[in-house]
1. Given 0.36 nm per residue, what is the gain on full extension from residue 73 to residue 57 after removing their alpha carbon distance, in nm?
2. Measuring from a point 7 Å past the Cα of residue 92 along Cα-to-C-beta, which residues in segment 32-60 have an amide N at less than 13 Å?
3. Based on the Cα atoms of segment 37-103, what semi-axes does the equivalent ellipsoid have, where each is the square root of 5 times one gyration tensor eigenvalue, given in whole Å with the largest first?
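Derivation of every value follows stated rules applied to the coordinates shown; laboratory data play no part. Note that the coordinates shown come from a computational prediction; the quantities given were computed from them, not determined experimentally. Cβ: placed from backbone, ideal geometry, glycine included. Neighbour counts: every protein chain shown.
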Amino acid sequence: MTRASQRLGLLRGQRYFNHPFARLAPHRTYAAALTLDSTSSWTVTADSYLSTLSDSSGISGTSIANNTGNGFTVYYDSSLSANSALGGLTYTLTNGGYLKPKS
């Protein structure tokens with residue numbers, strides 16, 4: 001099993017395009033954490049895997065406004081306490097795509 005470790009944090013007004021660690025194959029162990037503030041955005045360019053996502057200002061109901069999905073799926077680890085705010089739910093991303101718990 002391969003382990004990738006990367007912490008991704010965006011400060012005011014920055015944009016994030018998929019980092020190679022977020023695009024690893026699903027059978028690997030992940031430690032890519034993404035934190036967004038209210039002025040940041042993420043444009044998803046491939047199906048992606050995150051250990052944690054912190055985006056309290058971008059989530060409304062079951063939609064995430066500052067993540068442009070482009071039809072791709074982002075998976076997160078719902079077993080981690082850092083993702084408890086996501087509640088194990090599936091979220092719709094802007095411009096198509098989903099944020100889903102990793103099964």
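1. Computed gain between residue 73 and residue 57 is 3.7 nm.
2. Taking a point 7 Å out along Cα→Cβ of residue 92, the residues of segment 32-60 whose backbone N falls under 13 Å are 60.
3. Largest first, segment 37-103 gives 16, 14, 10 Å.
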